[in-house]
Amino acid sequence: MADLLQTYREMDSMAKALVIGAGVAIVFIVALLLFRRRRLTPKLEPPDLAIDLSSLGTHGPPAGGAQVECYNVPMRLAAVVLAPAGRLNRLPARERWPDLIDQIVPGLKDVVADHDPLVRAWPEQLSAKGFSHLFFSKAKLPGERGKGSPWCSLAGKFESEGEFFMVALILRASKSNSLGEFIMEPTDWLGVIRARSVE
(Lines give C-alpha, C1' and ligand atoms only; values in the text may rest on other atoms or scores of the structure.)
Protein backbone atom coordinates (compact mmCIF):
# COMPACT_ATOMS: atom_id res chain seq x y z
CA MET A 1 0.00 0.00 0.00
CA ALA A 2 2.86 2.35 0.89
CA ASP A 3 4.50 1.58 -2.50
CA LEU A 4 1.27 2.52 -4.32
CA LEU A 5 1.02 5.82 -2.43
CA GLN A 6 4.68 6.59 -3.19
CA THR A 7 4.14 5.82 -6.89
CA TYR A 8 1.04 8.08 -6.92
CA ARG A 9 2.99 10.97 -5.33
CA GLU A 10 5.73 10.66 -7.96
CA MET A 11 3.29 10.94 -10.90
CA ASP A 12 2.86 14.28 -12.63
CA SER A 13 -0.54 16.01 -12.51
CA MET A 14 -1.57 14.75 -16.00
CA ALA A 15 -0.99 11.12 -15.03
CA LYS A 16 -2.84 11.64 -11.74
CA ALA A 17 -5.83 13.05 -13.60
CA LEU A 18 -5.83 10.03 -15.95
CA VAL A 19 -5.75 7.57 -13.03
CA ILE A 20 -8.60 9.39 -11.23
CA GLY A 21 -10.58 9.62 -14.48
CA ALA A 22 -10.13 5.89 -15.14
CA GLY A 23 -11.27 5.07 -11.59
CA VAL A 24 -14.38 7.25 -11.92
CA ALA A 25 -15.16 5.67 -15.31
CA ILE A 26 -14.88 2.13 -13.89
CA VAL A 27 -17.19 3.00 -10.97
CA PHE A 28 -19.68 4.61 -13.40
CA ILE A 29 -19.67 1.56 -15.74
CA VAL A 30 -20.19 -0.88 -12.84
CA ALA A 31 -23.07 1.24 -11.47
CA LEU A 32 -24.62 1.44 -14.94
CA LEU A 33 -24.41 -2.34 -15.43
CA LEU A 34 -25.99 -3.00 -12.01
CA PHE A 35 -28.80 -0.52 -12.70
CA ARG A 36 -29.46 -2.00 -16.14
CA ARG A 37 -29.49 -5.54 -14.76
CA ARG A 38 -32.04 -4.49 -12.15
CA ARG A 39 -34.24 -2.93 -14.83
CA LEU A 40 -34.06 -6.05 -17.04
CA THR A 41 -35.07 -8.36 -14.18
CA PRO A 42 -38.84 -8.83 -14.56
CA LYS A 43 -40.92 -7.87 -11.56
CA LEU A 44 -42.93 -10.87 -10.40
CA GLU A 45 -46.51 -9.94 -9.63
CA PRO A 46 -47.86 -11.57 -6.46
CA PRO A 47 -50.61 -14.07 -7.22
CA ASP A 48 -54.18 -12.82 -6.93
CA LEU A 49 -55.48 -14.65 -3.86
CA ALA A 50 -58.80 -12.81 -3.55
CA ILE A 51 -62.00 -14.87 -3.57
CA ASP A 52 -65.15 -13.06 -4.66
CA LEU A 53 -68.04 -14.43 -2.61
CA SER A 54 -70.57 -13.27 -5.22
CA SER A 55 -69.04 -15.76 -7.69
CA LEU A 56 -69.75 -18.70 -5.35
CA GLY A 57 -73.54 -18.69 -5.72
CA THR A 58 -76.29 -17.94 -3.21
CA HIS A 59 -77.87 -21.37 -2.76
CA GLY A 60 -77.59 -23.49 0.37
CA PRO A 61 -76.85 -27.20 0.74
CA PRO A 62 -78.20 -29.67 -1.83
CA ALA A 63 -81.12 -31.90 -0.87
CA GLY A 64 -79.37 -35.23 -1.53
CA GLY A 65 -75.99 -36.79 -2.12
CA ALA A 66 -72.94 -35.96 -0.04
CA GLN A 67 -73.65 -33.57 2.81
CA VAL A 68 -71.44 -31.46 5.04
CA GLU A 69 -72.25 -29.87 8.38
CA CYS A 70 -70.41 -27.24 10.40
CA TYR A 71 -71.32 -27.37 14.09
CA ASN A 72 -74.35 -29.47 13.06
CA VAL A 73 -75.61 -26.82 10.60
CA PRO A 74 -76.14 -28.27 7.08
CA MET A 75 -73.93 -26.44 4.58
CA ARG A 76 -72.89 -26.29 0.95
CA LEU A 77 -69.15 -26.43 0.38
CA ALA A 78 -68.51 -23.36 -1.81
CA ALA A 79 -64.72 -23.10 -1.90
CA VAL A 80 -61.56 -24.96 -0.85
CA VAL A 81 -58.07 -23.45 -0.69
CA LEU A 82 -55.03 -25.71 -0.23
CA ALA A 83 -51.46 -24.64 0.47
CA PRO A 84 -48.24 -26.37 1.51
CA ALA A 85 -47.07 -25.71 5.07
CA GLY A 86 -43.48 -24.44 5.07
CA ARG A 87 -41.15 -22.92 2.52
CA LEU A 88 -39.80 -26.22 1.15
CA ASN A 89 -43.04 -28.21 0.97
CA ARG A 90 -45.23 -28.66 -2.10
CA LEU A 91 -48.78 -29.79 -2.73
CA PRO A 92 -49.18 -33.19 -4.38
CA ALA A 93 -50.28 -33.42 -8.02
CA ARG A 94 -53.82 -32.11 -8.59
CA GLU A 95 -55.24 -35.59 -9.26
CA ARG A 96 -54.29 -36.51 -5.67
CA TRP A 97 -56.11 -33.54 -4.11
CA PRO A 98 -59.38 -35.45 -3.46
CA ASP A 99 -57.49 -37.98 -1.32
CA LEU A 100 -55.66 -35.13 0.41
CA ILE A 101 -58.96 -33.37 1.16
CA ASP A 102 -60.37 -36.62 2.56
CA GLN A 103 -57.61 -36.54 5.19
CA ILE A 104 -59.16 -33.38 6.68
CA VAL A 105 -62.49 -35.10 7.37
CA PRO A 106 -63.41 -38.56 6.01
CA GLY A 107 -66.05 -38.23 3.29
CA LEU A 108 -65.09 -34.65 2.39
CA LYS A 109 -63.84 -35.69 -1.05
CA ASP A 110 -67.38 -36.92 -1.86
CA VAL A 111 -68.71 -33.52 -0.78
CA VAL A 112 -66.23 -31.85 -3.15
CA ALA A 113 -67.35 -34.14 -5.99
CA ASP A 114 -71.07 -33.43 -5.37
CA HIS A 115 -70.95 -29.73 -4.44
CA ASP A 116 -68.40 -28.75 -7.13
CA PRO A 117 -66.76 -25.95 -5.09
CA LEU A 118 -64.12 -23.53 -6.29
CA VAL A 119 -60.79 -25.26 -5.55
CA ARG A 120 -57.59 -23.22 -5.47
CA ALA A 121 -53.94 -23.73 -4.60
CA TRP A 122 -52.05 -21.02 -2.75
CA PRO A 123 -48.29 -20.63 -2.43
CA GLU A 124 -46.50 -22.07 0.59
CA GLN A 125 -47.49 -20.67 3.97
CA LEU A 126 -45.17 -20.36 6.97
CA SER A 127 -47.70 -20.34 9.82
CA ALA A 128 -51.24 -21.57 10.31
CA LYS A 129 -52.37 -18.33 11.99
CA GLY A 130 -50.77 -16.22 9.27
CA PHE A 131 -52.48 -18.34 6.60
CA SER A 132 -55.84 -18.10 8.39
CA HIS A 133 -55.72 -14.32 8.75
CA LEU A 134 -54.57 -13.89 5.14
CA PHE A 135 -57.39 -16.14 3.95
CA PHE A 136 -60.02 -14.26 5.97
CA SER A 137 -58.78 -10.98 4.49
CA LYS A 138 -58.93 -12.36 0.93
CA ALA A 139 -62.35 -14.04 1.30
CA LYS A 140 -64.30 -11.43 3.24
CA LEU A 141 -67.60 -12.68 4.56
CA PRO A 142 -70.64 -10.40 4.93
CA GLY A 143 -72.02 -9.33 8.28
CA GLU A 144 -69.74 -9.43 11.29
CA ARG A 145 -67.09 -11.73 9.75
CA GLY A 146 -69.88 -14.00 8.56
CA LYS A 147 -72.00 -13.88 11.72
CA GLY A 148 -75.60 -13.00 10.90
CA SER A 149 -75.20 -14.33 7.33
CA PRO A 150 -75.49 -17.80 5.75
CA TRP A 151 -71.69 -17.85 5.21
CA CYS A 152 -68.91 -19.24 7.36
CA SER A 153 -65.25 -20.08 6.78
CA LEU A 154 -62.64 -22.22 8.46
CA ALA A 155 -58.88 -22.11 7.98
CA GLY A 156 -55.91 -23.87 9.51
CA LYS A 157 -53.53 -26.77 9.37
CA PHE A 158 -54.17 -30.47 8.90
CA GLU A 159 -51.98 -33.55 8.72
CA SER A 160 -51.79 -36.10 5.91
CA GLU A 161 -49.39 -39.05 6.02
CA GLY A 162 -46.99 -37.28 8.36
CA GLU A 163 -46.95 -34.01 6.41
CA PHE A 164 -48.76 -30.80 7.26
CA PHE A 165 -50.81 -28.72 4.83
CA MET A 166 -52.98 -25.64 5.11
CA VAL A 167 -56.64 -25.66 4.12
CA ALA A 168 -59.48 -23.16 4.13
CA LEU A 169 -63.14 -23.89 3.50
CA ILE A 170 -65.98 -21.52 2.65
CA LEU A 171 -69.42 -22.91 3.45
CA ARG A 172 -72.96 -21.61 2.93
CA ALA A 173 -76.08 -22.56 4.87
CA SER A 174 -79.65 -22.12 3.65
CA LYS A 175 -80.24 -19.24 6.09
CA SER A 176 -78.41 -16.78 8.34
CA ASN A 177 -76.82 -18.13 11.51
CA SER A 178 -74.33 -17.24 14.25
CA LEU A 179 -71.36 -19.03 12.68
CA GLY A 180 -68.49 -16.97 11.28
CA GLU A 181 -64.74 -17.42 10.88
CA PHE A 182 -62.84 -20.17 12.68
CA ILE A 183 -59.09 -20.77 12.99
CA MET A 184 -58.59 -24.52 13.15
CA GLU A 185 -55.92 -26.66 14.79
CA PRO A 186 -55.18 -30.09 13.23
CA THR A 187 -57.23 -31.82 15.95
CA ASP A 188 -60.25 -29.50 15.56
CA TRP A 189 -61.56 -30.57 12.16
CA LEU A 190 -63.32 -33.78 13.21
CA GLY A 191 -65.16 -32.00 16.02
CA VAL A 192 -66.40 -29.14 13.84
CA ILE A 193 -67.00 -30.59 10.34
CA ARG A 194 -68.98 -33.71 9.54
CA ALA A 195 -69.38 -35.24 6.08
CA ARG A 196 -71.97 -37.90 5.22
CA SER A 197 -74.14 -39.17 2.39
CA VAL A 198 -77.92 -38.75 2.19
CA GLU A 199 -80.02 -40.80 -0.21
Are any residues in segment 162-181 in contact with a helix residue (DSSP H, G or I) (Cβ under 9 Å, 6 or more places away or on another chain) and either without any contact (Cβ under 8 Å) to a residue 60 or more places away in the chain or among the charged types (D, E, K, R) (or both), and if so, which ones? Arg172, Glu181
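If a residue must be within 17 Å of Arg194 (Cα to Cα) and either surrounded by fewer than 19 Cβ atoms within 10 Å (Cβ to Cβ) or in contact with a Pro (Cβ under 7 Å, 6 or more places away or on another chain) (or both), how many such residues does segment 162-173 contain?
Within segment 162-173, residues that are within 17 Å of Arg194 (Cα to Cα) and either surrounded by fewer than 19 Cβ atoms within 10 Å (Cβ to Cβ) or in contact with a Pro (Cβ under 7 Å, 6 or more places away or on another chain) (or both) number 2.
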Take segment 112-135 and flag every residue that is among the acidic types (Asp, Glu) and free of Cβ contacts under 8 Å to residues at least 12 places away in the same chain. Asp116
Could you check Ile170 against (1) at pLDDT below 95; (2) in a strand (DSSP E or B) and say which number it fails? (1)
Can you confirm whether segment 70-83 contains a residue that is of a type outside the set (A, V, I, L, M), over 23 Å from Asp52 (Cα atoms) and surrounded by fewer than 18 Cβ atoms within 10 Å (Cβ to Cβ)? yes
Matching residues, segment 64-105, being assigned to a loop (DSSP other than H, G, I, E, B) and over 24 Å from the mean Cα position of the chain (by Cα): Gly64, Tyr71, Asn72
Name the single residue, out of those in segment 143-161 being in a loop (DSSP other than H, G, I, E, B) and more than 21 Å from the chain's Cα centre (by Cα), that is surrounded by the most Cβ atoms within 10 Å (Cβ to Cβ). Gly148
Which members of segment 180-193 meet the condition of being in contact with a Gly (Cβ under 9 Å, 6 or more places away or on another chain) and under 17 Å from Val111 (Cβ atoms)? Met184, Trp189
Filtered residues of segment 105-140 (kept if surrounded by 15 or more Cβ atoms within 10 Å (Cβ to Cβ) and under 18 Å from Pro74 (Cβ atoms)): Val105, Gly107, Leu108, Asp110, Val111, Val112, Asp114, His115, Pro117
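The values are calculated or read from the model by the stated rules, or taken from the named source; none is laboratory data. None of these values were measured; they are calculated from a predicted model. Every residue, glycine among them, receives a Cβ derived from its backbone with ideal geometry; neighbour counts consider all protein chains shown.
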